[in-house]
Amino acid sequence: MNDKIESAPHEGRSFAPPATFSETAQPSAAALAALYREAAEDHSGFWARQARRNLSWKLPFTQGLDDSHPPFFKWFADGWLNASYNALDRHLDSRGDKTALIFESDEGTVQRYSYRALHAEVCRFANGLRTLGLHKGDRVVIYLPMGPQAIIAMLACARIGAIHSVVFGGFSADSLRDRIRDAGARLVITADAAPRGGRLVPLKDTVDAALAAGYDTVRQVVVYRRNGAAIAWNREHDIWWDDVVAGQLAVCEPEWVEAEFPLFLLYTSGSTGKPKGVQHSTAGYLLGAMTSMQWVFDPRPDDVFWCTADVGWITGHSYVCYGPLLNGMTQVVFEGVPTHPDPERFWRMIAAHQVSIFYTAPTAIRALMRNGDELPRRHDLGSLRLLGTVGEPINPEAWMWYHRVIGNERCPIVDTWWQTETGAAMIAPVPGVVAAKPGSCTRPLPGIAVDIVDEQGAPVTAPYEGGYLVVNKPWPSMLRTIWGDDARYEKTYFGQFGKQVYVAGDGAHRDEDGYIWILGRIDDVLNVSGHRLGTAEIESALASHPRVAEAAVVGRPHEIKGEAVLAFVVARGERHAAVADGLAAELREWVGTRIGAIAKPDEIRFVDGLPKTRSGKIMRRLLRTVGRGETITQDTSTLENEAILGQLCAAEARASAAA
Ligand code: PRX
C-alpha cells in the first residue's frame, strides 16, 4: 500500500464557530440536519429538489439521477437550460445594478462591472462569436490573463453552447498545443501580453508558438489588447477582440442546451504522461457550484467575496466564474500575485475592497506567514468574517496563523476538499455549525456520500486507520467523462471498486469524531503549490532531452509549496560530467518549455541507475524515502542493482551538504 495511507498526524485542537457568527449563519444547525436527513432518505430526490429551487430552467426536467449505465451517470437529463442565463440574466431585474466584479489589475487599477454591464459584455462577445461562425458544441480554448475578459469569454461560450477549455497562462506552448489538439478547438482566445507580478507574460507569442506547426482545427485566434505589446499578426487567422464585439448588440438569445450538455473541459494531470480533459456537464456542474457556495460560504447580499485562484484552474471556474455569479454575489477578481509589489498586496486589497469572505491556498498563506505578523497588522482586516482554504492539506501552523493574524480569532475557517473532477467542494465544514480542526476538511457536505475504504473496498472504521477516499454515490457536479476517452474515465475513477464507487486518488483517515483528514495523493500525482502535476508527465519531458537516458520523479515535502519536485536522472555519458557542465539548469528550463514553469524540478540528482525491482519497476516509494532524507525501512532485497542504493543516499548526503 502507498505510504500516503499509513501515516497519521494527530491534532487535538478544535475551534467552534463564534456565537455571533452562528446566530445568523445559514444553513443553521437545524437546517443542516434537515438537509442530511433529506439526502439520506432520497439521494436523487434531494438533488432534484435542489436543482428546481436553485437553477432557472427553460424546460423543466422530470428525472433526477439516471444511473442505468454506470459509471456514465446523468442528472436531470431531459431538462434544458443555459449557464450564462443562470449566472447573469436572472439577476437583472432584482440586482442589475449590483456590482458583480471588482477587478484589480496587476498594476493596481480598479474597474467595476455591474451585473447589467457584465451581461451586456457577455452578450456582445457571444454575438461576435456567432458572427465568427461558432456553433453549439464547438470547442474554444481560452488562454487569457486572470480578469474580466476571461470570465466574459467563458460565459459567452456558454451562452452560445460552445464548450470552453481554459488553459492556465503559465502553461508552455507545447502544453497549450496538446490541449488545443486534444480538444479539437475551433477558436483560441488570448491577449497580446499581460503583466503578472510585474513581469510581462507573452500570451500571444505562446499561442503563435503552439500553432507554429499548423492550425489543425483552429480557424481563428481572438486577441484581447491588454497592454499594447508588440505581437506578430497573422492576417489569415488573427482578429482583435474589439473587432469581434464592434457593432454587436448587448442582448443575445441564449442557446438552450440539454442538462447533460458539456459546459467545459479542463485539463488536469493524471498518472500517465497525457493530461486528461475532464468534461463537466451544464446543469449538474452549475448546481454543485451553486449549492456548495451556499453551504460553505454562507453568502449574504452585502458580502464581498474574494477567491484568489486563477480561472485556469477548477477553483477559478467554480468559485470565481460560476459559483459567485450564480449566487448573485459581489466579488474581487485579481490579475496579480500575492507578493507584488510587496507581500502586503492581499491585506491591502482586503482592506481597500472591504472583502468579507476570503478564499485562498495554503501555499499562499505559508509564503505570507514567513513575512511575520507585522505586515497584515498594518491593514484594517475588520471586514473579514469568513476564511477558506483549498487545494492541498494545510499544516496546523499555517492554519493557526491564518486564524489568529488574518481572522483575528473571530472568523471561521473552511478547509474545502475537492478536485477538478468533483466540480465543487465535497468535504468542508458548514461554517456556522461545524467546529473546525486545523488540518481537517471535516465532514462531507449534504448529498455527498464519501467513505474511506481498504484495498478490498471494505469501509475502514477504526480512527486513524488510513484508506482510499471514495465517493459511493453519483453527485450532480461529478465529471462525466474524459474528453474522447471513456475507457480512461472508467478505468481511472471506477476501475478499483466497481462502477458505482468513485476513487478520488487521495489517501485519508477519520479521527475519533469522524472528521476526515486528507493524507495526500496516492497515484503518482504531485501537489505543488496546490497545483496538480503528474510525475509521468515530468518524467517524459525529461526523457525527451537528448542527454537523458532515464528519469524518475517524486515529491518531497517543501515548507512553502507543500511538495517540491525531485528528479533522479540517469544522464547519457558520465554522471559527474553531467553535474559539472550545468545539465541540471538546462533540464529545468527544458521542462519549463515542455510543460510550464510550475513543473520545473526543484532538485535534480544525477545517478548511474534507478532502483528497480527484478521485474523492472522503478521503486518510487524507496525514492520518496530517500528524497525525504529518511532512513530506508523498505525491503530492498528484491532490488536488481543494490549498489544504486548507496549512490542515491550518497547523492542525498551531497545534496544536504551543499544546502
Ligand atoms: O490531493 C487533493 C488536493 O488536491 C487534489 C485535487 O487537485 P485539483 O484537481 O487540482 O483541484 C484543486 C482544487 C480543488 C486532491 O485530490 N486537495 C484539494 N483540496 C484539498 C486537498 N488536499 C487536502 N485538503 C484540501 N482541502
At a 1.4 Å probe radius, carbon and sulfur cover how many percent of the accessible area of the stretch 460-563?
50
Determine the percent antiparallel among the DSSP beta bridges restricted to the stretch 264-380, to the nearest 5.
45
For the stretch 189-320, take the alpha-carbon Rg, divide it by the Kirkwood Rh, and send me Rg/Rh.
1.00
Rg and Dmax in Å for the stretch 194-239, alpha carbons only: what are they?
11.5, 34
Calculated FRET efficiency, R37 and E409, Cβ-Cβ r, R0 35 Å, to nearest 0.05?
0.60
Give, in nm to one decimal, the length gained when the segment between L645 and R219 is fully stretched (0.36 nm per residue of separation minus the Cα-Cα distance).
148.0 nm
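Enter the mean projected area of the convex hull around the alpha-carbon atoms of the stretch 543-614, in nm², rounded to one decimal.
Averaged projected hull area, Cα only: 5.4 nm².
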Residue separation times 0.36 nm, minus the C-alpha to C-alpha distance between K136 and R235: what's the value?
33.0 nm
Once every Cα of the stretch 317-366 carries one equal point scatterer and solvent is ignored, give the base-10 log of I(q)/I(0) from the Debye formula at q = 0.19, 0.23, 0.27 Å⁻¹, two decimals.
-0.72, -1.00, -1.21
In whole Å and largest first, what semi-axes does the C-alpha gyration tensor of the stretch 354-417 yield when each eigenvalue is scaled by 5 and square-rooted?
17, 14, 9
Rounded, prolate or oblate: which fits the stretch 458-560, taking a ≥ b ≥ c as square roots of the Cα gyration tensor eigenvalues, rounded meaning a/c under 1.5, else prolate when a/b beats b/c?
oblate
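Filter the cross-link list K74/K617; K276/K612; K58/K437; K437/K561 down to pairs whose alpha-carbon distance in this structure exceeds 32 Å.
Violating the 32 Å Cα-Cα cut-off are K74/K617; K58/K437.
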For the stretch 406-509, convex hull volume per residue from C-alpha positions, Å³
113
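Which whole-number percent gives the relative contact order of the stretch 86-134, counting Cα pairs below 8 Å spaced six or more residues apart?
Relative contact order here is 33 percent.
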Principal axes first, then extents: for the Cα atoms of the stretch 96-137, list largest minus smallest coordinate on each axis, whole Å, largest first.
36, 26, 15
Stokes-Einstein D for the stretch 148-187, Kirkwood Rh over Cα pairs, 25 °C, 0.890 mPa s (µm²/s)
223
Reduced to Cα centres, the span from the stretch 397-451 to the stretch 167-196 in Å works out to 32
Leaving ligands and nucleic acids out of the surface, order D485, D97 by accessible area at 1.4 Å, largest first.
D97, D485
With a 1.4 Å probe and every protein chain kept in, tell me what percent of the accessible surface of the stretch 2-133 is carbon plus sulfur.
51
At R572 and R628, where each label point lies 7 Å from the Cα along Cα→Cβ, what is the point-to-point distance in nanometres?
3.6
On the Cα set of the stretch 90-162, report Rg and Dmax in Å, please.
13.3, 37
Report the Cys residues of the chain lacking a disulfide-compatible partner, meaning no second Cys Cβ under 4.7 Å from their Cβ.
C157, C307, C321, C411, C441, C649
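Restricting to the chain, what percent of DSSP beta bridges are antiparallel, rounded to 5?
60
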Give the span of the chain's Cα atoms along each principal axis, as three whole-Å numbers ordered largest to smallest.
73, 62, 58
What three numbers, in Å, describe the spread of the alpha carbons of the stretch 45-188 along their principal axes, ordered from the longest?
49, 42, 28
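For E344, E455, E421, E559, give the ranking by accessible area with the largest first, probe 1.4 Å.
E559, E455, E344, E421
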How large is log10 I(q)/I(0) at q = 0.16, 0.21, 0.29 Å⁻¹ when the Debye formula is applied to the Cα atoms of the stretch 257-321, each weighted equally and without solvent?
-0.65, -0.97, -1.24
Can you give me the accessible area per residue for the chain, using a 1.4 Å probe, in Å²?
37
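The values are calculated or read from the model by the stated rules, or taken from the named source; none is laboratory data. No experiment lies behind these values; they were computed from the predicted model shown. Positions of Cβ are backbone-derived with ideal geometry, glycine not excepted, and every protein chain shown enters the neighbour counts. Protein only, heavy atoms only, side chains kept; ligands, DNA and RNA dropped before computing areas. Shrake-Rupley method; radii C 1.70, N 1.55, O 1.52, S 1.80 Å.
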